[in-house]
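A short reminder: the numbers here are calculations on the coordinates, not readings from a lab. The structure displayed is predicted, hence computed values, not measured ones. Counting neighbours? That spans all protein chains shown, and the Cβs are built from the backbone with ideal geometry, glycine included.
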Amino acid sequence: MARVHLSGIGKTYPDGTSAVTGLDLDIAEGEFLVLVGPSGCGKTTALRMVAGLEEISSGTLTIGDRVVNRTPARDRDVAMVFQSYALYPHLSVRDNIAFGLQLRKLPKREIKQRVEDAAETLGLTEHLDRRPRNLSGGQRQRVAMGRAIVRQPQAFLMDEPLSNLDAKLRVQMRAEISRLQRDLAVTTVYVTHDQVEAMTLGDRVAVLKKGVLQQVAPPQELYDHPANLFVAGFIGSPAMNLLQGRLEADGSAARVELGGQSLAVPAALMAERPRLREYLGREVALGIRPEDMEDAELGTGDQDTLLTSTTDLVEALGPELLVHFQLPAPPVVTEDTKELARDAGAEGIDAAAPYSDVIARFSPRSRTGTGQPLRVRVDTGHLYFFDPATGDGIWGEPASATQQKEGTHA
Amino acid sequence: MSAQVEPAESAEHTRSAAAGNEGAPHRSLAARLVARVGSGAVQVLLILIALFWMVPTLGLLFSSLRSPQDNASSGWWTVFTEPAQLTLRNYAVLLDNPDFVSSFGNTVLITVPSTAIIVVVASLAAYAFAWLEFPGRDWLFLGVVGLLVVPIQVALVPISSLYGGTPLYGSIPAVVLFHVGFGLPFGIFLLRNFFAAIPRDLLEAARMDGGRELTIFRRVILPLGGPAIASLGIFQFLWVWNDLLVALVFAAEASQPMTVALQSEMRQFGANIDVISAGAFLSMVVPLLVFFAFQRYFVQGVMAGAVK
Ligand SMILES: Nc1ncnc2c1ncn2[C@@H]1O[C@H](COP(=O)(O)OP(=O)(O)O)[C@@H](O)[C@H]1O
Ligand SMILES: [Mg+2]
């Protein structure tokens, strides 16, 4: 177990691709840090640099209290779980797990003991003498985990370890990894592009975009106070709705104009985020989480927390309804939202469109249906605001200190 | 038994996928045969083909076990009706001939080191070409590939004059060295391409597990490369064992291998077919044994289940 410290880590591949830029991360002893971001954002590259499988182009990497920039992978004492599992096909499960210990020339008895303990922990005992090809996907995954834990390394590195499993197994293994990591209390860096995995597993989550760290914070903090549009749009499913609006003063409170409609911004929220005053009379990017909206027919509320539209589509998921509709406000078009759209597989955003598509999460008791008029009540205490030019979140602190970067958390 | 079922199944998959693509109910004869290898009728057929293929070999064996007079007056198949013809006399004559015995020894002394050196050096070099990073690696490999097309004949004269001034000329090491030189490019080429197909993750996992390059080579690459290495070994062994040209040029009387000995036997006595067939059979049986010893590596699909 050790602290892992990345300071200004960067990677430029020989072909000129700059995969990671100035990455600062301080991972505490025993912490579970999740590195999340769209595919191609440099997560694997960052992890491989920590592992020692990829040369570090710039910056300093410290594991424990050793600078290991130039230490080969075999001497870093970290274990990696590969996306492909990378099990040795010619060895039994037992020998796969024991491999690292054999290379380190541990006494035979101790190897046997440790392998059996690891197998016991992972429920692999009766498979120890089988070959990897005779195992199911979930079992192979466990063997890969076993190979890592048996070494009792300074840190675990995992690169999308669950992405080859089917949905059900993934949920189960996710819980197991979480439990295992907590039991062993080994510093862990876990890479995924799945924000649900990131939120459920991480003590802290680091969001990466195009090789640049956007924010690192505990999951709830990321959800509640995203540093910018990218983090806001990436964390949460369905994603936060982002609309162009105009902030107007309204006594000590304010309201945000969305096309012909408007929403109240409570005085309490204005007081909590003093910088919002700087944006009065200006365009802002407004964020509304799907779960902060509800069918207005199911309760009562002030008129100025209501939006009206027509239901386009209802997806009934059982415990909730996903209701699609449009609002007469243009979508937010910045570099961040374009990147999010690219990751979602959309072919770009139409900046000129006068309407934005919005998704709300309703209680299953809602009776709304396709083509029917819709009244949506918005929890205005949980609105999100972003600078439309820079994409930075508008929060309490004065300008320039908004990025909740490394250092604000232990 | 399950080992037999698996290929049949996967062939079945491939076939139905292909048929689906073309929308045609036909499948090729070969595909149908492969899909049915497990079934009884095909096995009988395969055994018949194998027996038919063995006829010349059996002919040689029985000729070598009959007296010269019998061979002159009737075909080898008469042994089935007159088993009394069988005799080990030809082999006794052969083994009484010290030239022949020493030529057999020479063949072994040439073939075993040549094969061993080629397999060892080629697999180490192939690993370096496939997985180690060093400056000029790809150019060097292109050079090796270029050597593949150099015909053996163009080297005979230059190498002869190279050997000329040294005590090497005519010796067994001279022949071995020549075979190694000409066997390596192909060996390196074959193994590099095979090793390069091993998933990178496996090597990296071994590296993370604490393996140094030589350990990774020994404990991951060699076991996984088994089939390719065995193939190379077998081909190289057969090639050197049966070589006549290189031996004729570089081996002096005392170091001549069996191929040369058989050839001069042929010249000296014209039609002493009996001794010749005994010698030919002896020289054939060793490569066959080598082949059977390693053939299971050909069939073994070690890579299954490596990475998903
Ligand atoms: N060996 C390489 N050479 C050049 N570019 C690479 C190499 N590996 C990855 N990249 C590039 O670096 C970027 C980050 O890749 P990667 O770290 O694999 O992203 P992620 O794991 O987040 O999907 C991508 O643009 C990718 O194309
Ligand atoms: Mg990746």
Debye equation applied to the C-alpha atoms of chain A, log10 I(q)/I(0) at 0.07, 0.09, 0.11, 0.15 Å⁻¹
-0.40, -0.64, -0.88, -1.29
Note on the stretch A:264-410: C-alpha Rg/Rh, Kirkwood Rh, two decimals, gives 0.99
In the stretch A:335-399, GluC sites (Glu not before Pro) in a DSSP loop with at most 11 other beta-carbon atoms within 10 Å
A:347
Run the numbers on the stretch A:239-386 and let me know its relative contact order in percent, using alpha-carbon pairs under 8 Å that are six or more apart.
32 percent
What would the Debye formula give as log10 I(q)/I(0) at q = 0.15, 0.20, 0.22 Å⁻¹ for the alpha-carbon point model of the stretch B:85-217, no solvent?
-0.87, -1.17, -1.28
Quick one: net charge around residue A:218, please, counting Lys, Arg +1 and Asp, Glu -1 for every other residue with C-beta under 10 Å from its C-beta.
-2
Can you give the Kirkwood hydrodynamic radius of the stretch B:100-306 from its Cα pairs, in Å with one decimal?
18.9 Å
Using the Kirkwood radius over C-alpha pairs as Rh, can you work out the diffusion coefficient of the protein assembly as shown via Stokes-Einstein at 10 °C, viscosity 1.306 mPa s, in µm² per second?
50 µm²/s
Mind scanning A:43/A:338; A:43/A:168; A:43/A:105 and naming the pairs with a C-alpha gap bigger than 23 Å?
A:43/A:168; A:43/A:105
What GluC sites (Glu not before Pro) does the stretch A:106-204 have in DSSP loop regions with at most 11 other beta carbons within 10 Å?
none
Honestly the stretch A:4-224 on the Cα gyration tensor test (a ≥ b ≥ c root eigenvalues; a/c under 1.5 rounded, otherwise a/b vs b/c for prolate or oblate) is just prolate
Counting only DSSP beta bridges with both residues in the protein assembly as shown, what percent are antiparallel, rounded to the nearest 5?
75 percent
Compute the signed sum of charges (Lys and Arg +1, Asp and Glu -1) over the other residues within less than 12 Å, Cβ to Cβ, of residue A:115.
+1
Considering the alpha-carbon set of the stretch B:59-104 alone, what are its Rg and its Dmax in angstrom?
11.9, 36
